[in-house]
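Participant: Dropping a structure here in structure tokens format, bear with me for questions.
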Amino acid sequence: MKIICIAGLIGSGKDEVAKYISDKYGYEIIDYANILREIVRNEGLEVTRENLQNTRLKYGNTFLAEIVIKKIKESEKQKIILTPMRRSEDYLIPKKEFGSNMQMILVEVSAKVRFKRLSKRGRENDPKDFTTFKKQEKREFEIFNFKKTFSYADFKVNNNGNMNQLRIKIDDVMKKIDKSEPEVLLRQIVHPHSPRKFIIMGPQGSGKGTHAERLAKEMSILHVSSGDLLRDVAQQNTKQGKEIKHLLTTGKLLSDELVFDLLKKRLSKKDASKGYIIDGFPRNIKQTKTLEKTIEIDKVIYLNVSDKECLRRLSGRTQCEKCKAIYGNENQPKIKGKCDQCGGSLYVREDDKESVIKTRLKVYHDQTEPILDLYRKNGKLVEIKINGIKQPDEVFTDILKALGM
Ligand code: AP5
């Protein structure tokens, strides 16, 4: 599956680019604007700019992307063009689903050339003077946060020239897309020097597992959870497995050496070579020092959430026993007890009893919290403050922003 997103400002020639790629390379076009127009029509409304905007506001920023994901999955073609990318959600939500199969081409054209092209279309709402056009565009740039959307571009194509020049440039990009190993292209082109070794920290229930998983998908790196590694051993019918199983129900920390050993083994596997995000290690000063001797960490993401909110969240948590996906009050599975991603059974962790959660939080404040200061001092800490209730999607956007992505 290859998905190409075409982004660009009004008048940049996104439609020409989409049509050219579709005709020459056999891609199916899925058009966000057409889907929105259809919804407006189905609601018995006239397709005006105002009705389009109001409908989008009414259903929220993610609903179009969800329809698009469904359409892509239902499409018989393995080659899809998505256009026009307006809000960052139009890109980020399918990206979460399709990962490195999706790449973005940004079509760039100077304001003067776009104004010239748009004012010649002969439509009623064509821009009349350059100053008003620039002002309106500045407003739209901010409202739609184009800066963020465009920052995901894997390829940039300048379209100040004529159609022939544009086609040559597109053919060039298509050669790279056709040849590309998606995993290699992802992010490395956009952020060639982006950090790739992360730690995620925060109290129990702050969302470490949830966001580590998403970030790992987003960056094509590995998510390693010390808790999951221990729970895997606990399932084995061995003396060690039984011991660990019992210790996990107490909420206390297990031996530093045992956990570091498991972590080291996991990080030495091939799938860790492109980078990773460690969730659950280090948990005390000794573990921090051991880790520092072995690995140069780029950034430490700290999810700062109150104990009260953590307790609320953990009371609703379930996890897939197969793929480890996490569900909660705010992100329930579509079918009760079944994982949306792999169909596996969901279970409640044994250490999610209120009394055990309280012990785990106490251990966190006593032993893990002091580590934060070390990372704060060496400039690696990226703090995400979550006051009150904030949806997982919003928190994820905050993380990406804080990491400069
Ligand atoms: P571990 O598995 O690491 O658990 P933990 O640190 O206690 O963390 P949790 O998994 O409980 O929370 P989380 O922050 O990952 O939250 P989640 O994303 O699930 O460790 C388990 C045990 O192993 C330890 O107690 C210890 O015994 C041992 N251990 C592990 N590492 C060790 C080490 N290094 N040394 C020694 N011992 C070690 O989210 C929680 C819920 O909230 C979910 O339901 C989720 O859907 C929901 N949610 C997430 N974000 C939001 C949001 N923004 N709004 C609403 N709900 C949200």
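The values are calculated or read from the model by the stated rules, or taken from the named source; none is laboratory data. Just so you know, these numbers come straight off a predicted model, no measurement behind them. In this analysis, Cβ positions are derived from the backbone assuming ideal geometry, glycine residues included, and neighbour counts consider all displayed protein chains. Side chains included, ligands, DNA and RNA excluded: accessible areas come from the protein's heavy atoms. Shrake-Rupley method; radii C 1.70, N 1.55, O 1.52, S 1.80 Å.
Participant: Among the residues of the stretch 204-214, is there at least one that is near the ligand (Cβ under 9 Å from one of its atoms), open to solvent by 40 Å² or more (accessible area, probe 1.4 Å) and of a type in the set (A, V, I, L, M)?
Facilitator: no
Participant: Test Q391 against the stated conditions and say whether it is modelled with pLDDT of 95 or more and either closer than 19 Å to M201 by Cα or not hydroxyl-bearing (S, T, Y) (or both). Lay out the reasoning, then the answer.
Facilitator: Working: modelled with pLDDT of 95 or more: no; either closer than 19 Å to M201 by Cα or not hydroxyl-bearing (S, T, Y) (or both): yes.
Against the criterion (modelled with pLDDT of 95 or more and either closer than 19 Å to M201 by Cα or not hydroxyl-bearing (S, T, Y) (or both)), Q391 does not qualify.
Participant: I39 is checked against (1) under 21 Å from K95 (Cβ atoms); (2) open to solvent by less than 70 Å² (accessible area, probe 1.4 Å) and fails just one. What number does that condition carry?
Facilitator: Going through the list (1) under 21 Å from K95 (Cβ atoms); (2) open to solvent by less than 70 Å² (accessible area, probe 1.4 Å), I39 breaks only (1).
Participant: Moving on to the next point. Considering every residue within the stretch 294-306, establish whether at least one is surrounded by fewer than 18 Cβ atoms within 10 Å (Cβ to Cβ) and basic (K, R).
Facilitator: Looking for residues that are surrounded by fewer than 18 Cβ atoms within 10 Å (Cβ to Cβ) and basic (K, R), one finds none in the stretch 294-306, hence no.
Participant: While we're looking at this one, here's another question. Does L52 qualify as being in contact (Cβ under 8 Å) with a residue 12 or more places away in the chain, under 26 Å from G99 (Cβ atoms) and surrounded by 14 or more Cβ atoms within 10 Å (Cβ to Cβ)?
Facilitator: Numbers: in contact (Cβ under 8 Å) with a residue 12 or more places away in the chain: yes; under 26 Å from G99 (Cβ atoms): no; surrounded by 14 or more Cβ atoms within 10 Å (Cβ to Cβ): yes.
The answer is no for L52.
Participant: Any residue that is within 11 Å of the ligand (Cβ to nearest atom) and in the same structural domain as N329 (by TED's automatic domain parsing) - is there at least one of those in the stretch 376-386?
Facilitator: Yes, some residue in the stretch 376-386 is within 11 Å of the ligand (Cβ to nearest atom) and in the same structural domain as N329 (by TED's automatic domain parsing).
Participant: Taking helices (runs of 4 or more DSSP H) that fall entirely within the stretch 336-403, which contain at least 1 residues that are under 23 Å from the mean Cα position of the chain (by Cα) and without any contact (Cβ under 8 Å) to a residue 60 or more places away in the chain? Spell out the reasoning first.
Facilitator: Details: elements: 354-363, 369-377, 392-402.
Those helices (runs of 4 or more DSSP H) span 392-402.
Participant: Can you confirm whether I357 is touching a strand residue (DSSP E or B) at 6+ places or on another chain (Cβ under 6 Å), closer than 16 Å to P203 by Cβ, open to solvent by less than 80 Å² (accessible area, probe 1.4 Å) and near the ligand (Cβ under 10 Å from one of its atoms)?
Facilitator: Working: touching a strand residue (DSSP E or B) at 6+ places or on another chain (Cβ under 6 Å): no; closer than 16 Å to P203 by Cβ: yes; open to solvent by less than 80 Å² (accessible area, probe 1.4 Å): yes; near the ligand (Cβ under 10 Å from one of its atoms): yes.
No; evaluated as a whole, the condition is false for this residue.
Participant: Let me ask something additional. Among the residues of the stretch 114-133, what is the count of those that are within 18 Å of G8 (Cα to Cα) and in contact (Cβ under 8 Å) with a residue 40 or more places away in the chain?
Facilitator: 4
Participant: Starting from the stretch 221-235, keep only residues that are touching a residue at least 60 places away in the same chain (Cβ under 8 Å), then list their pairs with residues that are more than 7 Å from the ligand (Cβ to nearest atom) and open to solvent by 10 Å² or more (accessible area, probe 1.4 Å) whose Cβ atoms are within a distance under 6 Å, requiring at least 6 positions of separation or different chains.
Facilitator: D228/K324
Participant: Follow-up question, since we're still on this one. Among the helices (runs of 4 or more DSSP H) lying completely within the stretch 114-179, list those that include at least 2 residues that are under 28 Å from G26 (Cα atoms), at pLDDT 90 or above and touching a helix residue (DSSP H, G or I) at 6+ places or on another chain (Cβ under 9 Å). Before you say what the answer is, go through the steps one by one.
Facilitator: On the way: elements: 130-143, 146-150, 163-179.
Answer list for the stretch 114-179: 163-179.
Participant: Can you tell me which residue within the stretch 331-352, out of those that are open to solvent by less than 70 Å² (accessible area, probe 1.4 Å) and either among the β-branched types (V, I, T) or more than 9 Å from the ligand (Cβ to nearest atom) (or both), is nearest to T250 (Cα to Cα)? Talk me through it step by step, then tell me what you get.
Facilitator: Taking the stretch 331-352 as the starting set, the residues that turn out to be open to solvent by less than 70 Å² (accessible area, probe 1.4 Å) are 331, 333, 337, 339, 342-346, 349, 351-352.
From what's left, either among the β-branched types (V, I, T) or more than 9 Å from the ligand (Cβ to nearest atom) (or both): 333, 337, 339, 342-346.
Working: P333: 28, G337: 25, C339: 27, C342: 30, G343: 30, G344: 26, S345: 24, L346: 22 Å.
Among them, the one singled out is L346.
Participant: Taking the condition small (G, A, S), without any contact (Cβ under 8 Å) to a residue 40 or more places away in the chain, assigned to a helix (DSSP H, G or I) and assigned by TED's automatic domain parsing to the domain that holds I168, does A65 pass?
Facilitator: Numbers: small (G, A, S): yes; without any contact (Cβ under 8 Å) to a residue 40 or more places away in the chain: yes; assigned to a helix (DSSP H, G or I): yes; assigned by TED's automatic domain parsing to the domain that holds I168: yes.
Yes; evaluated as a whole, the condition is true for this residue.
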